[in-house]
Amino acid sequence: MKVSGFTLVRNAIKYDYPIVEAITSILPLCDEVIVAVGNSDDETLALIRSISSDKIKIIETVWEESLRKGGKVLADETNKAFAAISKESDWCFYIQGDEVIHEKYLPAIKSAMQHYKDDTQVEGLLFNYTHFYGSYDYVGNSRQWYRKEIRIVRNDKAISSYRDAQGFRKNGEKLKVKQVDAWVYHYGWVKPPAAQQAKQESFNKLWHDDEWMKKNIPQVEEFDYSQIDSLIHFKETHPQVMQSRIAKMNWKFSFDPTKQKLSFKQKLTSFIESKFGWKIGEYKNYKIS
């Protein structure tokens, strides 16, 4: 079985993306990792080149700024990396620049890939998600957070990144997938407040026009983490590759989980989800086969 990893990145240093940790976390499962490095305003290219592994294969890209609406440029860049994957690979492991896989899940992921390798009806593997917010000690638990996404797909060029690169489709159709007993740790909402604000200003330009930006993105120096609706304490361990970054955290954030900012409707739907595992109205970009 041959596995290729793939990802995209741009301005990783400027916006404090844990891209090195993301790539490093999947390296043990991959025979190669394709990294599409976009034209950056910082030393992102040098950062990726500094990763000490001969599995890394860099392709330099230029982001098409005209693909602003709906984050389409992210899918476009993802597809560039996907297209560069070796024809010999069976599976393709996608990781975004703020996602990390805990080493404890690697055996289960490898087992699933081996188990479904020859079952062509399985087009992808579905992962659970843990979304950190504010600091490494809190996890989002309200309806605004997506619970699952496809992160491993078959090496089939009829498959492509969908919309803003959150998921995948095959010839426009949802992929048939199997659930993996593994979680993706999403750290996109854990950054120094100034870096988070800069990211919000830059990232939202990939979805919205200038008028929307003026109305919805405050012109402030630091992001206000206190506006979150609901969080719970994280009581497990972080991936080993994240330990150094966590130790360097230089800002403070605290939240009282007993003081949730939820409406009655939100509280009711959250109760139903926690009690029965049913998330009412949940969008699913996949078909569990």
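For the range 192-202, which positions are buried (at least 17 other Cβ atoms within 10 Å of the Cβ) and either farther than 14 Å from TYR225 by Cα or among the aliphatic types (A, V, I, L, M) (or both)?
Matches in the range 192-202: ALA195, ALA198.
From the list GLN227, GLN179, GLN243, GLN200, which residue is in contact (Cβ under 8 Å) with a residue 60 or more places away in the chain and on the phi < 0 side of the Ramachandran plot?
GLN179
I need a count of the residues in the range 199-235 that are of a type outside the set (Lys, Arg), within 22 Å of VAL139 (Cα to Cα) and modelled with pLDDT of 80 or more.
Matching residues across the range 199-235 total 14.
I'd like the residue in the range 6-22 that is within 12 Å of the chain's Cα centre (by Cα) and not in a strand (DSSP E or B) and, out of all such residues, is surrounded by the most Cβ atoms within 10 Å (Cβ to Cβ).
Among those residues, the one meeting the criterion is ALA22.
Please state which one of SER111, SER25, SER52, SER66 is assigned to a helix (DSSP H, G or I), of a type in the set (Ser, Thr, Tyr) and without any contact (Cβ under 8 Å) to a residue 12 or more places away in the chain.
SER111
Since LYS148 meets every condition but one in (1) charged (D, E, K, R); (2) under 16 Å from LEU29 (Cβ atoms); (3) surrounded by 15 or more Cβ atoms within 10 Å (Cβ to Cβ), which condition does it not meet?
Going through (1) charged (D, E, K, R); (2) under 16 Å from LEU29 (Cβ atoms); (3) surrounded by 15 or more Cβ atoms within 10 Å (Cβ to Cβ) one by one, LYS148 breaks only (2).
I'd like the full set of residues that are of a type outside the set (D, E, K, R), at pLDDT below 95 and out of contact with any His (no Cβ under 6 Å at 6 or more places or on another chain), limited to the range 144-160.
Result: GLN144, TYR146.
The values are calculated or read from the model by the stated rules, or taken from the named source; none is laboratory data. Fair warning: this is a prediction, and the values are worked out from it, not measured in the lab. Cβ coordinates were reconstructed from backbone atoms using ideal geometry, including for glycine residues, and neighbour counts include every protein chain displayed.
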